[in-house]
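Peer 1: If you scroll down you'll find the structure; I have some questions about it.
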Amino acid sequence: MSTLFNYILKIGDDSLILGHRLSEWCGHGPILEEDIAMTNIALDLVGQATTLLNYAGEMEGKGRDADALAFLRFDREYRNLLLVEQPNGDFGMTMMRQFLFDAYRLPLLERLQKSSDVSLAAIAEKSLKETKYHLKHSSEWVIRLGDGTEESHRRVQDALDTLWRYTDELFQEDDAEKELVVSGVIPPMSEIREAWNANVNRVLEEATLTIPTNNWKHSGGRKGMHSEHLGYILAELQYMQRAYPNMEW
Amino acid sequence: MVTKDQIWLWLEEVSDPEIPVLTIVDLGVVRHVELHGDLCEIKITPTYSGCPAMKTIEDDIVSKLTEKGIETVKVDLVLSPAWTTDWISEKGRSKLLEYGIAPPVDEVDKSVLFAEPPKVGCPRCGSHNTRMVSLFGSTACKAQYQCNECLEPFDYFKCLK
Ligand SMILES: [Zn+2]
């Protein structure tokens with residue numbers, strides 16, 4: 001079933017690329033606790049990606065598993081959001097990116113738990129418990145930094161200004177997905193947007209941050225049209241399998 | 001003739017690779033045991049999606065049961081119903097406490113945003129005057145706490161529901 005394959009690829013790629021981005025902080029966190037937190041969240045996301053991509057491979061029925069999908073696709077075949085591939089920047093940028101993503105992912109997983117596709121529902125049920133901790137962590141940092149010092153406020157406001165343009169893509173759905181909505185496999189994105197808006201407004205207000213008024217929105221990741229950053233991520237992520245095909249360790 | 005109960009007892013000899021004081025039965029990751037003649041089928045569930053211990057647990061189950069004379073052991077991973085800390089046995093909870101890890105408490109504040117961290121007892125002195133240092137700890141399932149009375153830092157096995 002190629003429609004479902006395509007959809008699972010999208011949310012699986014989101015987990016994989018964001019998990020990889022967070023893993024780049026390993027050994028570089030501003031404090032030990034945050035180094036540990038970011039790598040723990042990375043581990044959850046890579047775990048979720050493994051489950052999702054394995055299931056996508058099953059749907060596809062061509063014998064590809066999570067490893068084949070992660071290590072042997074080109075950038076144009078990746079379907080992740082532009083948001084998750086944006087560079088880590090400073091800690092404020094990383095936490096803002098995480099918050100904008102978590103606030104979307106949590107309501108999505110809540111609804112996917114009730115998907116008419118039982119395997120997808122099971123994956124969502126499992127992942128949701130982890131994502132609750134991720135959102136708790138990222139939202140608390142956004143508030144602490146936004147409502148913190150002049151310097152932390154400025155930095156996290158800059159992060160919001162930079163990343164806001166990538167948030168519209170979270171809620172885009174194509175015609176194939178509209179069919180999945182009708183058959184009860186996935187929820188309508190309008191519902192997710194509503195939940196996202198409520199949480200994001202509440203946290204940003206608490207953080208004394210201002211939502212950018214610039215309405216220009218950037219998208220393309222869902223169609224395989226990525227920013228220049230994804231190529232570098234894949235070069236690192238895929239190096240071993242490209243250099244030594246079929247190697248295992 | 002080997003019985004299912006016997007298999008469960010043998011599985012209690014397999015410890016969790018990350019918290020060796022607990023067996024995989026204490027932890028609640030073994031969901032199902034089935035016997036068909038020489039074939040033993042076991043279903044396990046991960047604590048966290050990215051839990052790196054699952055492969056080790058699977059291998060440990062196979063080698064334990066093979067050692068006990070079971071000819072064919074098949075281990076399957078199931079995701080639903082998703083693992084929760086409620087499945088840690090009473091025995092498991094007291095073993096954690098003895099080991100210096102505070103077992104999961106029933107969290108009163110269930111909201112994700114703006115929730116208060118749970119009140120956790122110090123495994124060393126028992127005081128509830130403790131504070132959360134970080135929501136994330138040495139493994140995916142733990143948070144870092146510190147006791148305000150005896151000042152001891154400790155791990156808290158955080159609630160997953
Ligand atoms: Zn104490």
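The values are calculated or read from the model by the stated rules, or taken from the named source; none is laboratory data. On a predicted model such as this, the values are computed, not experimentally measured, just so you know. Heads up, the Cβs are rebuilt from the backbone with ideal geometry, glycines too, and the neighbour counts pull from every protein chain shown.
Peer 1: Is there a residue being more than 16 Å from the chain's Cα centre (by Cα), of a type in the set (S, T, N, Q) and farther than 22 Å from B:D106 by Cα anywhere in region B:46-59?
Peer 2: For region B:46-59, residues more than 16 Å from the chain's Cα centre (by Cα), of a type in the set (S, T, N, Q) and farther than 22 Å from B:D106 by Cα: absent.
Peer 1: Another question about this same structure. Got a number for residues in region B:142-157 being charged (D, E, K, R) and within 13 Å of another protein chain (Cβ to nearest Cβ)?
Peer 2: 2
Peer 1: Out of the residues in region B:102-161 that are under 30 Å from A:A198 (Cβ atoms) and among the polar types (S, T, N, Q), which is nearest to the ligand (Cβ to nearest atom)?
Peer 2: Residue satisfying both the conditions and the ranking: B:S134.
Peer 1: Do you know which of the residues in region B:60-83 that are closer than 30 Å to A:T131 by Cα and of a type in the set (A, V, I, L, M) is nearest to the chain's Cα centre (by Cα)?
Peer 2: My answer is B:A82.
Peer 1: Which one of the conditions (1) assigned to a helix (DSSP H, G or I); (2) on the phi > 0 side of the Ramachandran plot does A:L230 fail to meet, given that it meets all the rest?
Peer 2: Answer for A:L230: the failing condition is (2).
Peer 1: Under the condition of being away from chain A (no Cβ under 14 Å) and farther than 14 Å from B:G100 by Cα, which residue from region B:110-141 is nearest to the chain's Cα centre (by Cα)?
Peer 2: Within region B:110-141, the match that is nearest to the chain's Cα centre (by Cα) is B:K119.
Peer 1: Moving on. So is A:T50 among the β-branched types (V, I, T) and over 22 Å from B:P117 (Cβ atoms) or not?
Peer 2: yes
Peer 1: Let me ask you something else. I'd like to verify a number: residues in region A:103-151 that are at the interface with chain B (Cβ under 7 Å from one of its Cβ atoms), basic (K, R) and in contact (Cβ under 8 Å) with a residue 60 or more places away in the chain, how many?
Peer 2: 1
Peer 1: Checking the conditions here, which among B:K74, B:K55, B:K64 is in contact with a helix residue (DSSP H, G or I) (Cβ under 7 Å, 6 or more places away or on another chain), away from the ligand (no atom under 16 Å from the Cβ) and not in a loop (DSSP other than H, G, I, E, B)?
Peer 2: None of the other options fit; the residue is B:K64.
Conditions tested, residue by residue: (1) surrounded by 20 or more Cβ atoms within 10 Å (Cβ to Cβ); (2) farther than 20 Å from B:D86 by Cβ; (3) at pLDDT 95 or above.
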{"residue": "B:V2", "(1), (2), (3)": "no, yes, no"}
{"residue": "B:I19", "(1), (2), (3)": "yes, no, no"}
{"residue": "B:I24", "(1), (2), (3)": "yes, no, yes"}
{"residue": "B:H36", "(1), (2), (3)": "no, yes, no"}
{"residue": "B:L39", "(1), (2), (3)": "no, yes, no"}
{"residue": "B:I42", "(1), (2), (3)": "yes, yes, yes"}
{"residue": "B:P46", "(1), (2), (3)": "yes, no, no"}
{"residue": "B:G50", "(1), (2), (3)": "yes, yes, no"}
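Peer 1: Let me ask something else. If you take the residues of region B:75-98 that are more than 14 Å from chain A (Cβ to nearest Cβ) and exposed (fewer than 14 other Cβ atoms within 10 Å of the Cβ), which of them is farthest from B:K119 (Cα to Cα)?
Peer 2: Per the criteria, the residue is B:K91.
Peer 1: Something else now. Name the residues in region A:48-87 that are touching a residue at least 60 places away in the same chain (Cβ under 8 Å), of a type in the set (S, T, N, Q) and either surrounded by fewer than 18 Cβ atoms within 10 Å (Cβ to Cβ) or within 22 Å of A:T3 (Cβ to Cβ) (or both), would you?
Peer 2: Those that are touching a residue at least 60 places away in the same chain (Cβ under 8 Å), of a type in the set (S, T, N, Q) and either surrounded by fewer than 18 Cβ atoms within 10 Å (Cβ to Cβ) or within 22 Å of A:T3 (Cβ to Cβ) (or both): A:Q48, A:T51, A:N80.
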